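Working notes for the structure below.
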Amino acid sequence: MADCIFCKIANGEIPTNLIYEDENVVAFNDLNPQAPVHFLVIPKKHYASLNDIDSKEAFGYIFSAIPKITAKLEIKEYRTVVNTGASAGQTVFHIHVHVMAGRDFGWPAG
Ligand code: AMP
Ligand code: ZN
């Protein structure tokens, strides 16, 4: 999608150090990390938010990439977050899963 920063990262228009890539997904470190490890997993296909996910497959390939990446990073415990909508904290409207590790996390999330 034109003018979507995460589409540009996914298609290589914005050069980014990818920590993972497969046919459907890329992952890269968050620009403004909230934990010692903080990366984002995004589908290559543009979906504005979780509300637009239209198939079990899309949901599956996004989430099934996570344990592959954490295994590679030797991380066993981590927080995953999907912000959906501005009031929930979503600022980039291309769905992404935050994966954070390396510190303790409180609950409920703020
Ligand atoms: P959210 O607030 O859930 O929409 O998360 C968007 C996240 O994207 C924030 O944590 C930002 O720090 C991160 N972010 C925005 N632009 C970039 C970028 N160019 N590269 C890496 N992370 C980014
Ligand atoms: Zn996009």
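The values are calculated or read from the model by the stated rules, or taken from the named source; none is laboratory data. Note that the structure is a prediction, hence the values are computed from the model and not measured. Every residue, glycine as well, gets a Cβ built from its backbone with ideal geometry; the counts of neighbours run over all protein chains shown. For accessibility, only protein heavy atoms count, side chains too; no ligands or nucleic acids. Shrake-Rupley method; radii C 1.70, N 1.55, O 1.52, S 1.80 Å.
Descriptive notes on the structure:
- With N as its number of residues, the range 5-101 has a Cα radius of gyration that, divided by 2.2 N^0.38 Å, comes to 1.00.
- Label-to-label distance, nm, for residues given as Lys56 and Asp3 (7 Å Cα→Cβ offset): 3.7 nm
- Full extension of the chain between Thr84 and Phe105 yields a length gain of 5.6 nm, computed as 0.36 nm times the residue separation minus the alpha carbon distance.
- Under the criterion of Cα pairs below 8 Å and six or more residues apart, the relative contact order for the chain equals 30 percent.
- Computed over protein heavy atoms with a 1.4 Å probe, the accessible surface of the range 55-110 works out to 64 Å² per residue.
- Accessible area of the range 28-92 belonging to carbon and sulfur atoms, whole % at 1.4 Å probe: 53 percent
- Label separation (Glu77 vs Asn32): 2.8 nm, computed from points 7 Å beyond Cα along the C-beta direction.
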